[in-house]
Amino acid sequence: MMIRIALAAAFTALVTMPALAQVQKKEVPGIRNYSRVDATVGCGGQVDPAAMATLKKEGFVSVINLRLPTEEGANVEAGRAAAQAAGLKYIHLPFNAAMPDSKVVDSFLAAVSDRSNQPVFIHCGSASRVGGMWAIKRALQDKWPLDRALAEGKAIGLNNPGLEAFVTSYIKSHQ
């Protein structure tokens, strides 16, 4: 009887656990580590300003840039101008992975959940910060279990152990 109850509980947990989204990677000229999470979200690393027109053609209406203006090759103003010229909304939320700021995370969560910003393309330098921020979004807004959210964040690009520790701590303190 106990085994049957345990098996039923395990099966229920497995069936009701949200599936890991199928992160689709593809080569897009001018965009490092491009991936599509679903119909409303794309992610990537460094974006050449000339690629903003491609993002518009891909169906995005906004771009969230997590890069610091002081990063080599960030070109924040050139990216903003190119995005606006392509007809994209441009949201700059500089996020320092070495000294993460919870206020930037809060702003990110508000921006990414705003339906007027969707479909949204989110980028940083490599896609590691994007993966971290996305994991937070999945855990807190989509109610995914921490391990699933982190797994998807890693599939997108999260590869910084310090950032992963911040992400985990932020999620646990906001649940």
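Just so it is clear, none of the values below were taken in a lab; they were calculated from the coordinates. No experiment lies behind these values; they were computed from the predicted model shown. Note that we place each Cβ from the backbone using ideal geometry, even for glycine, and neighbour counts take in every protein chain shown.
Using C-alpha pairs under 8 Å with a sequence gap of at least 6, the mean separation divided by the residue count of the chain gives a relative contact order of 23 percent.
In region 24-174, a dipole from Cβ-located charges (positive for Lys and Arg, negative for Asp and Glu) runs towards its positive end, and of V61, I156, S126 it is V61 whose Cα lies farthest in that direction. Exceedance of the 23 Å cut-off in Cα-Cα distance is limited, within the set K89/K172; K57/K137; K57/K103; K26/K172; K89/K137; K26/K103, to K89/K172; K57/K137; K57/K103; K26/K172; K26/K103. In this structure the amide hydrogen of V28, modeled in the peptide plane, comes within under 5 Å of the amide hydrogens of Y34, none closer than 5 places in sequence on its chain.
Calculated from the structure at hand, Cα extents along the principal axes in Å is found among [x] 66, 33, 27; [y] 44, 36, 29; [z] 55, 44, 37 as [x].
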